[in-house]
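Structure record follows, encoded as structure tokens.
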Amino acid sequence: MQIFKSVLITLLFVILNMTTIDLEQLKYPIGKFDCPNTITPEHIKSWISILGHFSNRLEKLFKNLTYKQLDTPYSPDGWTIRQVVHHLSDSHQHSYTRFKWTLTEDKPIIKAYEEKDWAELPDAKTAPIEMSLLHLKAIHSKLVYLLKSLSIDDLNKSFNHPETNEEVVLKYNIGMYAWHSNHHYAHIENLLIRKNWK
Ligand code: NI
């Protein structure tokens with residue numbers, strides 16, 4: 001009886017653990033941003049390249065999706081594809097502005113925003129994704145153009161985040177947004193693969 005009990009407990013533990021891992025995998029399909037200790041020019045070049053190709057890669061994912069399919073969440077408590085695309089547009093617009101503030105002011109304190117609440121606004125929930133794809137195309141073209149022209153001094157400039165009190169260096173932020181692009185791309189791509197829509 002005792003053995004039966006301990007086998008049952010182990011089994012329950014394994015199942016619970018698997019569920020946690022699966023949910024974590026759904027939430028962070030490429031893991032969290034793991035910034036190298038030393039950021040080299042090669043890192044920056046490859047991050048800028050990711051940002052440069054992102055909107056076209058994203059657009060290709062949606063080629064054959066219906067309006068209804070776009071309203072499918074990528075995880076049980078996750079955003080729909082539509083919300084993810086509008087979130088990317090909102091988030092990367094903030095990022096673009098933060099780069100510009102930092103390049104023109106001395107360690108500015110940036111303005112945080114409630115991304116979860118933004119994703120619940122009517123446009124994020126129902127608007128055609130083409131609007132945000134066009135926006136992302138424009139923002140990324142402008143951002144990439146700007147980033148390519150930055151000097152080492154510029155890349156080492158920083159802003160302060162009011163919520164975390166952290167000082168964020170621009171070269172780190174380039175990597176962060178390249179990761180953020182791939183992170184949400186993977187949410188959508190993995191969903192399409194699971195649903196056999198790709
Ligand atoms: Ni995000």
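Quick check on this structure: which one of TYR177, TYR185 is in contact with a His (Cβ under 8 Å, 6 or more places away or on another chain), at pLDDT 95 or above, within 16 Å of the ligand (Cβ to nearest atom) and within 30 Å of PHE62 (Cα to Cα)?
TYR177
Name the pairs: first residue in region 80-100 and of a type in the set (Lys, Arg), second residue open to solvent by 20 Å² or more (accessible area, probe 1.4 Å) and modelled with pLDDT of 95 or more, Cβ to Cβ under 8 Å, at least 6 apart or on different chains?
ARG82/ASP71; ARG82/LYS125; ARG82/THR126; LYS100/LEU146
Hey, can you tell me all the residues within region 152-198 that are open to solvent by less than 50 Å² (accessible area, probe 1.4 Å), free of Cβ contacts under 8 Å to residues at least 60 places away in the same chain and either of a type in the set (D, E, K, R) or over 21 Å from HIS92 (Cβ atoms) (or both)?
Passing the criteria: only ASP154.
Each row is one residue, and each column tells you yes or no for (1) at pLDDT below 95; (2) touching a Cys at 6+ places or on another chain (Cβ under 6 Å); (3) within 17 Å of ARG194 (Cα to Cα).
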residue	(1), (2), (3)
SER55	no, no, no
LEU65	yes, no, yes
ASP71	no, no, yes
ASP77	yes, no, yes
HIS87	no, no, no
ASP90	no, no, no
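I'm checking my understanding of the structure. Among residues of region 109-138 that are open to solvent by 10 Å² or more (accessible area, probe 1.4 Å) and in contact with a strand residue (DSSP E or B) (Cβ under 9 Å, 6 or more places away or on another chain), which one is nearest to the ligand (Cβ to nearest atom)?
Taking the candidates together, the pick is LYS125.
The values are calculated or read from the model by the stated rules, or taken from the named source; none is laboratory data. Because the structure is predicted, anything quoted here is derived from the model rather than measured. Cβ sites come from the backbone with ideal geometry, for glycine too, and all protein chains shown count toward neighbours. The area values use the complete protein model at the heavy-atom level, side chains included, leaving out ligands, DNA and RNA. Shrake-Rupley method; radii C 1.70, N 1.55, O 1.52, S 1.80 Å.
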